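Laboratory data are not the source of any read-out in this text; all were calculated from the coordinates shown. Everything numeric here is computed off the predicted structure, so don't read it as measured data. Cβ sites come from the backbone with ideal geometry, for glycine too, and all protein chains shown count toward neighbours.
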Amino acid sequence: MIFSGWVNRHQQNIIDYLIEENRVLKELHKGKRLRLNDDQRRRLARKGKILGRKLLFKFATIVTPDTLIAWHRKLIALKWTYPRKGPGRPPVMKKIAELVVRMATENSSWGYDRIQGALKNLGHKVAPTSIANILKRHGIEPAPERMKRTTWNTFLKAHWETFTAADFFTVEVWTFSGLVTFYILFFMELSTRKVYLAGITHSPDGSFMKQVARNLTDCYDGFLLGKRFLIIDRDKKYCKTFFDIIQDAGTKPVRCPVKAPNCNAFAERFVKSIKHECLNKMILFGVGSLQRAIRNYLDPYHREQNHQGLENQIIDP
C-alpha cells in the first residue's frame, strides 16, 4: 500500500507538471489559433476517447472535449468509408473547357457541333452534350440566342480598325489671371490605342472646334483618315460646324447615350490614367507647363508603357 501510494503520488506529480507545461505553452500562443494536422487530431482523439468526457473537461486545454469527441467520430467514419468510382464519364479537362468557352464567346454563331468540329481539328474528342454542359455552367447561351444579342464590345471589335474615340477633360492651371480651367481635347485610335492631342484651350468655342476638325481631316496626315466612326459623348462643345466637316470627310459621329461613360470606356480610361499618373501630382503654372506635362506623358505612353488591352504590348516600341 505504501509503494502503491508513492507510485500514485509520483504519477500525479508528473501529470501536474505536464498540465502546467501545457498551460505555459498555451499562454505563449495566446490569441493565436492552434492549427493541428490530421495526424495530431487523430492521436488526441484516440487518447481522449479513453479518458472520457468528465476527465477531458478537467485536463484538456488545447481543444474542448466536444471537439475531441467529434474528431473520434470522424475517425470511426473514415474506417467504414471505402473509395468508390463515380458514375458516368470522366470530366472534361480544364484546358479543353476553357477552349470551349473561348470559342463560344469569340464566335457567337458557332453551335455545339461546330465547336465539336473545331476541337476535333485540334485533336480533342468531346461530345456535343459535354460542350452544352460546359457552356451552360459558364452562363453562355446557345448559338441562336447569342446571335440575337450583339454586345458593345463585340460590335467594337468587328469594326476595330475603323473606330476612333474622342473626349474632353479639364485641368486647373495657375496664370496671371488666377486659377484658369483649361480644356484638353484628344482623339484615340481604338485598334492601336494611339492618342492624338487635338488642342488645349481655355475657351473651346466654335472657331476652335472648326480648326480641330480641319486638322483631323487633313488629306495628308489627318488623324481621321480611313476612319468611319467617331465615338463621342453629348458635350455641347461639339458644334454643328465640327460635325459637318468630319462628315464631309467620311467619318460618322456615334454619340453615346446620356450618362453612359462605359460606351466610351477607352477614352475615359485614358483620362483616368493621365490624371492619376501625371496631372494630379503636379501644380501647373501657365499653359506651357501643361503642354510639357502632357507631351512628356504621351511619349512614354506610346513608346514604353505596356497596355493590357493590347495583351501587354507597347504601342510604338
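Values computed for the structure shown
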| read-out | value |
| --- | --- |
| Potential extension, Glu172-Arg102 segment - 0.36 nm per residue separation minus Cα distance | 20.7 nm |
| Extension reserve of the Arg214-Gln313 stretch, reckoned as 0.36 nm per residue once the Cα distance is removed | 32.5 nm |
| Förster-model FRET efficiency, 41 Å R0, Asp235 and Arg303, C-beta, rounded to 0.05 | 0.85 |
| Linear extension gain, Arg114 paired with Asp205, 0.36 nm per residue minus alpha-carbon span | 27.3 nm |
| Estimated inter-spin distance, Thr67 and Lys136, nm [label 7 Å along Cα→Cβ] | 4.3 nm |
| Relative packing of peptides 95-101, 301-307, 120-126 - highest average C-beta neighbours within 10 Å first | 95-101, 301-307, 120-126 |
| Likely footprinting exposure, Arg41, Arg295, Arg35, fewest C-beta neighbours within 10 Å first | Arg35, Arg295, Arg41 |
| Residues Ser191, Ser177, sorted so that the one with the fewest Cβ neighbours within 10 Å comes first | Ser177, Ser191 |
